Amino acid sequence: METQEPAKIQPVRRRLVEILLGGGVVASIVAFVYPVLRYLVPPPVPDLGGDEVVAAKLGDLKPNGSKIFRFGTRPALLLLTAEGEYRALSAVCTHLSCTVQYRNDLHEIWCACHNGLYDLNGRNISGPPPRPLDAFQVHVRGDEIVVSRKREA
Amino acid sequence: MSLFTGVQNWLDERFHWAELIGPLKKKTVPIHKLSYWYFLGGITLFLFMIQVCTGILLLLYYRPGANEAFESVQYIMTRVQFGWLIRSIHSWAANLMILTAFAHMFSVVFLRAYRKPREMTWLSGMVLLFLAMGFGFSGYLLPWNTLAFFATKVGTEITGQVPIVGHSMMVFLRGGEEVTGATLTRFFGFHVAVLPGLTTLLVLIHLALVQYFGMSVPPGLEARWEAAPGEARQMKFFPSFFLRELMAWYIALGALGALAAILPWELGTKADPFASAPAGIRPEWYFMFMFQTLKKIPAKVWFLDGEVVGILVFGAAGLLWMLLPFFDQVGRGRGRRFIMGAGIFALSYIIAMTIYGYMAK
Amino acid sequence: MATWRNSGLPRRLILRLALLLFACADVAYAQTANTCLDCHSVQDPPRRVTEEQFARDIHSQKGLNCASCHGGDPTKADLDAMSKAAGFRGKIERSQIPALCGKCHADGAYMRQYNPSLRTDQLSQYKTSVHGKLLEKGDTKVAVCTDCHGVHDLRPVSDTRSKVHPLNVAQTCARCHADAAYMKAYSIPTDQFEKYSTSVHHQAMAARGDLSAPTCTTCHGNHGAAPPGVDSVQNVCSKCHVFQDQMYEKSSHKAAFQSAGLPGCVVCHGNHGITHPTDAKLGTGPAATCMQCHSPGDTCDLARVEMLSGLTRLDSAIKDADHTLSVAESSGMEVSAARLEEDQARDALTKARVTIHSFRKELVDHDIQEGLKIAEKNMLAGKAALADRDYRRRGLGWALVFIFATVIGLFLYIRQIERNAPKT
C-alpha cells in the first residue's frame, strides 16, 4: 500500500472514486431492476395452452364439415359428422407425416400424399398408413369446442 | 451522507441499532495468503439469495402439472419479457451454487476449519449441501422435459434399491409406483416450500455459528500467531471484508449474466412417459460420480446385489464424511492425517468419476 | 432331433408320443398318425422333410398332413402307406401343382372353415398371368404356386419369414427373373431387381420398413402377374400418387403420350429404377427429361425454365430461412414456432413439385408464392431471433460495464478507506 501523497489531490481523487462507485452501483441496480420490471408485465398472450386447446366456436363447423387447428406443436383435425357429432384427431398422417383432410364426399379422412384413407375414428382403412391417427377428446364448454389429449387411465 | 446518518439515528433510537450490529462491527477476518477461501461461503449465500429471488419470479408464470409444466416454461422462455434471463439465471445459479458449496466444503476440509469447536458448523453445512442437492434434484424435473423425466426415473429407481426402506422411499418420492404428474406436483412442493424453509433455517443457524465462533485460522498459522501475537493480521469484517465480498458478488453476478445471455439454459422436448428412454440419460453433473460408480459396479458383489452395495457404501461414506470433525483428535494426528487423505481421495474420486461419466458413453 | 435318433427307444414310438402331445395341445391338429416323416425326415434332399420344417407349415398347423396333397395312407407302416391302392400320388408334377392347390384354394365353401376372408380367385387369376399361360402351353420352367410360396414349410404371407412377405417378394421374383441363364429363352431383361434395388420404392421398403411401399407385385399383380400395359401404367401409379394422376390426366402430355403410344409416368420417371425425382429433372443436365423431346427455345422450354426457377427460388428461400433459424437456435434462442411453420413451407414446395404434373406454370407459381410467403415469414422470425440475441448481448455488455465500474469503484474505495484508517 502506498502512502503519503500530496494532500491536495486527495479530495479530488476521493470524489472521483465516489462518483465511480455511486454511479456503478446505481447503474447496475437499474440494470438488474429493469429486466425484472419488464418480466412482471404480463405478455399479451395469456398462455401456450398445454394439453388443451379451443379448436373452434360452436357454429364454426357445418355438419359434415371440418377444420384444421394447431394442437401443441402439430396440426389436428376437428370434424363435425353428418350426424352432428364432434370428433378430433391428429391430422398428421401416420405414413409420411403429411397433413390429412376430411373428405365430405367420402365421409372419410384422406391423405393426399399417397392416397391413405382413415375412417372417422381414425382407423387406417386403406392405402399406406401403418397406424391409426391419434384421437383426442372433445368437450363443448359454453360456445367453445375444447380439444384435449386423452388421459391415460 | 446526512440522510444515511439520519436513518441510522432513527433506527438507533428505536431498535438500539448500534447494539444490534455491534458484534458485526467488532468481527474481524484474519488476513493471510489463504484468505481468499473465506469468500466461497459468502458467494454460495449470495447465489442462494439469487435463487430465492429468481425462484419467486418464476413462480409468477410457472404451472406445475404434467399437462402444463413444459408449456409454461416454454412460455416463460419465449413470451414473457426477459423470462429467458430469469430462468437461465435460476438454472445457472443453481449449478454454480452447488459448485461453490462443494468448493467451500473442500476448503474447510483442507484448511481444517471443521476442527473443535466448529463441529456443529460443519454438520449444518453438510446438511445444507444435501439440501442444495435436493433442490437440484427436485428442480431438474420441474420443466418436465424428456431428459429430466428419465433422469428422475433413474434417480428415484436408485433410491428404491436401498434395502428395507427403499421401496417406500421411492413411492414417497414418486407419489406412486411410477414417475407421473403426481411426482411433478410433489417435487414442486419440495422445491418451493419444504426445502426453502429448511434451508433458510439452516442458513441462519450456520451463519450464527460462524458469527459465534469467528473465522477459523489455518492451524499452522494459528500456532505461529499465538507464539508471536504481533504477527497476527486482521481486517475488519465491516467494511473491509464486507466490501471485498461485495466485489466477489458483483463478479459472480456478471458471470451469471454472461452465462445466461450467451448460453441460455435449454428447454429440450416435452417428456412423454410412453416414449422409450433416449440414449445418454445422465443426471445433473453433481450426481454424476455416484451415477457412474453405480453403473460400473459389478452386478454381483460377493452374494449381494452390486447396486445395493454401491448405495450402502455411498451412504456409509457420506455418514463418515459428516462426522469427520470428530475424528480429528483421534490418536495423535493419525486421525488428522486420515482426514486429509480421505479429503484428497474424495476430491480426486469425484473429479475423476465425473470426467469419466462424461467421457464414457 | 439328433438325440431322438440316438436314443435307445424306437423312434416311431417317440414320434407317436410327440404327435399325441401335439394333438392334446392343439385340437385342430391331426389326430391320425403320420408315418411318412419317419422315413422322409432322414432321407436325402429333395425327398427330405423334417418334423421341424413340417411343424412350421401353415397347412400342418391347420390339421392337414402329407396325404392331403400326396395321397396315400399315413396310418399304415412303410411301403403300404405309399401304395396305389391307398391313392398315393407321389411327387406332384409341376404342371399339376396349380390345379392341386386350387382344389382347396379355389373352393370358397371349403376355405371358409379355415379363413373366411381369404380370397379364392388365385387359380383363376393365375390362369390369366404370363406364368399361367406359359404353363398351359407346357412350359414348366415358369413359376407355379410352390416356387413363390414354398412347400412343406409354407408360411402365411403375414409371417416376415414367408417368401411372399412384402419385404421378401422382390428377392423371390429375382430368383428367376434376375437369372440371365434361366431367363435366356424368354428374351426379356433380367436387370429389374438390380434396378429396383436402387429405387426410391425399395428404399422406402427396405430402409424405412414401409410395408405399403410398392414391390414387384404391387404393379405387376401377384397371381395374375403380367407387365402393366402402356395404357394401364398411369392407373397403376395413381393408386398411391393421386394428385399427380389428376393433374397429368388434364395435362397436354396425356393426349400427346397416348397418341405416341408412350407409357405415361414411365416416360419421365422410368420403371424399376425409379429414383426420388429432383428439380434437376426440369433442367438441362444429364438427369433432365423434358429436353429429350422438346427443343430449346420453344414455348414449353420457356415454361420449363420458369417453373424450374420458381422451384429453385422456393427451395433456396426455405434453406436460407432454415439456416438463419439454425444460427439462432445454436445461440440458444427459442424458435420452435418458426420451426413448425417450416414444415408448412416444405409442404408447399412438395405441393408445387406435384403441381409440375399439370405442366402449367401459373398453377405451379401459385403454390410457389404460397410457400415463399411462409419461408419469408420464417426468415423474419429467424432474423428477429438474431436481433433479440444481439439485444441480449448488448444488454449484457452494458450490465457488465456497470458491474465492472462498480467493482473498480469498490476496489478503489476499499484502498481509500484502508489507507486512511489506522492500522490494526
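So here's what we get for this one:
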quantity: Cα centroid separation - region C:239-315 against region B:32-108, whole Å; calculated: 60 Å
quantity: Calculated diffusion of region B:26-283, Stokes-Einstein form, Kirkwood radius summed over Cα pairs, 25 °C and 0.890 mPa s, µm²/s; calculated: 121 µm²/s
quantity: Candidates C:Gln258, C:Gln43, C:Gln122, ranked by Gaussian network fluctuation over chain C, Cα under 10 Å, top entry; calculated: C:Gln43
quantity: Of B:Ser107, B:Ser240, B:Ser88, the one that fluctuates the most in a GNM where chain B has Cα springs shorter than 10 Å; calculated: B:Ser240
quantity: Principal axis box of chain A, alpha-carbon based, largest edge first, Å; calculated: 98, 37, 31
quantity: Residue with peak Gaussian network fluctuation, chain C [Cα springs, cutoff 10 Å], from C:His165, C:His276, C:His177; calculated: C:His276
quantity: Long pairs among C:Lys91/C:Lys137; A:Lys67/C:Lys319; C:Lys319/C:Lys377; C:Lys127/C:Lys184; A:Lys57/C:Lys319; C:Lys62/C:Lys141, criterion Cα-Cα beyond 25 Å; calculated: A:Lys67/C:Lys319; A:Lys57/C:Lys319; C:Lys62/C:Lys141
quantity: Within straight-line cross-link reach of B:Lys295, lysines at Cα separation under 23 Å, skipping those fewer than 8 residues along the same chain; calculated: B:Lys153, B:Lys361
quantity: Residue-averaged 222 nm ellipticity for chain B, from DSSP H runs of 4+ at -39500 (n - 2.57), nearest 500; calculated: -21500 deg cm²/dmol
quantity: On Cα atoms only, tilt of A:9-40 relative to the major axis of chain A in degrees; calculated: 10 degrees
quantity: Debye log10 I(q)/I(0) for chain C, one point scatterer per Cα, at q = 0.09, 0.11, 0.12, 0.13 Å⁻¹; calculated: -0.80, -0.99, -1.08, -1.18
quantity: Straight-distance crosslink candidates among lysines, where the alpha carbon sits under 18 Å from C:Lys281 and sequence neighbours closer than 8 are dropped; calculated: C:Lys351, C:Lys361
quantity: Span-like helix ranges in chain B, DSSP H, alpha carbon extent 27 angstrom or more, Kyte mean at least -0.5; calculated: B:39-59, B:83-110, B:119-141, B:242-262, B:334-359
quantity: Inter-part distance where region A:74-152 and region C:162-224 are each reduced to a Cα centre, Å; calculated: 35 Å
quantity: Rg ratio (alpha-carbon, reference 2.2 N^0.38 Å) - region B:203-338; calculated: 1.66
quantity: Acute angle (nearest 10 degrees) that the helix C:166-177 long axis makes with the longest principal axis of chain C, alpha-carbon atoms; calculated: 60 degrees
quantity: Neighbour cut-off at most 16 other Cβ (10 Å), DSSP loop, GluC sites (Glu not before Pro), region B:237-329; calculated: B:Glu266
quantity: Range in chain A, longest, excluding exposed GluC sites (Glu not before Pro) [loop by DSSP; at most 10 other beta-carbon atoms within 10 Å]; calculated: A:3-82
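All of the numbers you see were taken from the coordinates with simple rules; none came from a lab. All values reported here derive from a predicted model rather than from experimental measurement. Counting neighbours? That spans all protein chains shown, and the Cβs are built from the backbone with ideal geometry, glycine included.
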